[in-house]
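Enquirer: I'd like to ask some things about the structure below.
The values are calculated or read from the model by the stated rules, or taken from the named source; none is laboratory data. Everything numeric in this text was worked out from a predicted model, so none of it was measured. Cβ sites come from the backbone with ideal geometry, for glycine too, and all protein chains shown count toward neighbours.
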Amino acid sequence: MLDLYRRDDNPIYLPETGGSPRFLFFALGRGAIGFSPFGIDYTKTLEIPDAARPKDEFLVPWARVGTKEFVAPFVPLYSLLAPMARDVARWNFEGKLQAIAEEPGRVTQILHFGAWDATVSYGIWARRGRPVGNPQPMGGVLIAQTGENQFLVSGFYCRVDFRPTTADQHKQFLRVEEGTYQNGAFKFIRLLNGDQNDGGLDFNSVPLVLRVTVGTY
């Protein structure tokens, strides 16, 4: 649906949307400059006894489940993006950023970055490394190419791996750094070793930002 509204001279802004938080990855992947789930800005504490709770399906989300419960699924994603929102916008404007989210029935997706392909797998830990998808679609990833062989990668409930597009070459992680963004700069926290990335880059429910340098042999 977003593709119907995407235009180079009119960036997408979603003032109201519903559904899964992973939809934000779809929006970023199409160059969106704004994303606001309906009711996310409602901050009043609302307590409704179960016996008095209306069953009307058209009630606003926070009235059906309570404000804290409604906001909670969005907290990790917003916490991840808030410190680097300007950088994400710049990478998107420069055409360096791609983002995608899990879809029903699709356990892998591929993003193309020139000489590199990034393979995104969902539920890969379920069966001896074979992706089978999450119990329900909830994964998503964003990848920005910050150098010829360097990428910034972040996501939830997925695994990301890189592969050179040249058939006779193989990938090697030269350096995988965990960090955060502060004032537009990547702040190094720790270096991941081979045991932590030999099968790919794993992302779960915890916000995680990795700066990845890859090479070929």
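Enquirer: Give region 83-102 a look and list any residue that's outside any loop (DSSP other than H, G, I, E, B), in contact with a strand residue (DSSP E or B) (Cβ under 8 Å, 6 or more places away or on another chain) and charged (D, E, K, R), or say none. Steps first, answer last, please.
Expert: Taking region 83-102 first, the residues outside any loop (DSSP other than H, G, I, E, B) are 83-93, 97-101.
Narrowing further to those that are in contact with a strand residue (DSSP E or B) (Cβ under 8 Å, 6 or more places away or on another chain): 83-84, 87-88, 91, 97-101.
Of everything in region 83-102, just one residue is outside any loop (DSSP other than H, G, I, E, B), in contact with a strand residue (DSSP E or B) (Cβ under 8 Å, 6 or more places away or on another chain) and charged (D, E, K, R), namely Asp87.
Enquirer: Glu102: modelled with pLDDT of 95 or more, in the same structural domain as Leu210 (by TED's automatic domain parsing), over 21 Å from Gly215 (Cα atoms) and not polar (S, T, N, Q), yes or no?
Expert: Details: modelled with pLDDT of 95 or more: yes; in the same structural domain as Leu210 (by TED's automatic domain parsing): yes; over 21 Å from Gly215 (Cα atoms): yes; not polar (S, T, N, Q): yes.
Yes, satisfied.
Enquirer: If you take the residues in region 139-173 that are of a type in the set (Gly, Ala, Ser) and either without any contact (Cβ under 8 Å) to a residue 40 or more places away in the chain or out of contact with any Leu (no Cβ under 8 Å at 6 or more places or on another chain) (or both), which one is nearest to Phe74 (Cα to Cα)?
Expert: In the first step, residues of region 139-173 are kept if they are of a type in the set (Gly, Ala, Ser); the result is 139-140, 144, 147, 154-155, 167.
From what's left, either without any contact (Cβ under 8 Å) to a residue 40 or more places away in the chain or out of contact with any Leu (no Cβ under 8 Å at 6 or more places or on another chain) (or both): 139, 147, 167.
Working: Gly139: 13, Gly147: 30, Ala167: 40 Å.
In this case the residue turns out to be Gly139.
Enquirer: Would you tally the residues in region 162-217 being under 17 Å from Gln150 (Cα atoms), in contact with a Gly (Cβ under 7 Å, 6 or more places away or on another chain) and of a type in the set (A, V, I, L, M)?
Expert: Qualifying residue count, region 162-217: 2.
Enquirer: Looking at Asp117 and the list (1) more than 15 Å from the chain's Cα centre (by Cα); (2) part of a loop (DSSP other than H, G, I, E, B); (3) not hydroxyl-bearing (Ser, Thr, Tyr), which single condition is not satisfied?
Expert: Against the list (1) more than 15 Å from the chain's Cα centre (by Cα); (2) part of a loop (DSSP other than H, G, I, E, B); (3) not hydroxyl-bearing (Ser, Thr, Tyr), Asp117 comes up short only on (2).
Enquirer: Kindly establish whether Ala27 is in contact with a Phe, Trp or Tyr (Cβ under 9 Å, 6 or more places away or on another chain), small (Gly, Ala, Ser), assigned to a loop (DSSP other than H, G, I, E, B) and modelled with pLDDT of 70 or more.
Expert: no
Enquirer: Same structure, new question: Report the residue count in region 174-216 for those that are in contact (Cβ under 8 Å) with a residue 40 or more places away in the chain, surrounded by 11 or more Cβ atoms within 10 Å (Cβ to Cβ) and among the hydrophobic types (A, V, I, L, M, F, W, C). It would help to see each step written out before you state the result.
Expert: The initial filter retains those residues of region 174-216 that are in contact (Cβ under 8 Å) with a residue 40 or more places away in the chain, namely 174, 180-182, 184, 199-216.
If we keep only those that are surrounded by 11 or more Cβ atoms within 10 Å (Cβ to Cβ) too, we end up with 174, 180-181, 199-204, 207-216.
Among the residues that remain, those that are also among the hydrophobic types (A, V, I, L, M, F, W, C) are: 174, 201, 203, 208-210, 212, 214.
So the count comes out to 8.
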